[in-house]
Amino acid sequence: YCVATRNGEHRPILEVNYAEMLPTVPLLENVLEITTGLVELEIELKGCSAQFVAAVLAEIQQQNLIDLVELTSPHPYVLSYARSSHKDVKLGMFVALFPDWMPRMVGYQLIVESLTLGQLNVAHCPISILNRGFVEELRQRGSFVHAANCNSPADLKEAFRLGVDQLSTDELELA
């Protein structure tokens, strides 16, 4: 959440204006222009104001990329606001590992119900909680499955075996 400034400080990004940032930090509009039509994007919304969400949605709509962008956020109300602002935007939620005391089936039910209540499209699940049956259940309900943090050969192999829709990794060459 911190960014390096031109004078060498590291400050919270919410306290820095664009003119203070290093010139290598692109604006969202620059990223969208460069990638248009080449890839789908996942944009994690770390800001949590209505003005911030509206500005991001406006930029995505202005460049006619609503079908190529998924918005995620650690803040559930940001996703709720995004859904109320634009019915067609793809939204993804982050799923935490289940607590040791929680039966796996209860965890799965909570994920399904959260997707439904939040009108969310993508479940970003740690690879360790996914299995073929749950992946198929989510797909049958119209959700996409994102295997998160696939950073070992075994995790990547499992994500491919399960046929998830997308995955995240820090090991691009390995993937």
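With respect to the conditions (1) over 20 Å from the mean Cα position of the chain (by Cα); (2) open to solvent by 30 Å² or more (accessible area, probe 1.4 Å); (3) β-branched (Val, Ile, Thr), THR5 falls short on a single one, namely (2). Taking the stated definitions as given, is LEU14 surrounded by 10 or more Cβ atoms within 10 Å (Cβ to Cβ) and of a type in the set (A, V, I, L, M, F, W, C)? Yes: the conditions hold for LEU14. Taking the range 139-153 as the range and being buried (at least 22 other Cβ atoms within 10 Å of the Cβ) and in contact (Cβ under 8 Å) with a residue 40 or more places away in the chain as the test, the residues that pass are HIS146, ALA148.
Summed over the range 117-174, the residues that are in a loop (DSSP other than H, G, I, E, B), in contact with a strand residue (DSSP E or B) (Cβ under 8 Å, 6 or more places away or on another chain) and farther than 18 Å from GLU42 by Cα give a count of 1. Here is the figure for the range 1-20: residues that are basic (Lys, Arg) and either under 19 Å from ALA54 (Cα atoms) or not in a strand (DSSP E or B) (or both) total 1.
Can you name every residue in the range 21-74 that is open to solvent by 60 Å² or more (accessible area, probe 1.4 Å), among the charged types (D, E, K, R) and in a helix (DSSP H, G or I)? The answer is GLU29, GLU33, ASP67. Applying a threshold of 9 Å to beta carbon distances and a minimum spacing of six or more residues, or different chains, the list of pairs starting in the range 99-111 at a residue that is closer than 16 Å to ARG132 by Cβ and modelled with pLDDT under 95 and ending at one that is open to solvent by less than 70 Å² (accessible area, probe 1.4 Å) and not hydrophobic (A, V, I, L, M, F, W, C) is empty.
Residue count for the range 77-96 under the criterion of being over 15 Å from VAL145 (Cα atoms) and either of a type in the set (A, V, I, L, M, F, W, C) or assigned to a strand (DSSP E or B) (or both): the result is 4.
The values are calculated or read from the model by the stated rules, or taken from the named source; none is laboratory data. All of these numbers come straight from a predicted model, not from anything done at the bench. Here Cβ is always computed from backbone atoms with ideal geometry, including for glycine, and neighbour counts include all displayed protein chains. To get the accessible areas, we keep the full protein, side chains included, count just its heavy atoms, and leave off ligands, DNA and RNA. Shrake-Rupley method; radii C 1.70, N 1.55, O 1.52, S 1.80 Å.
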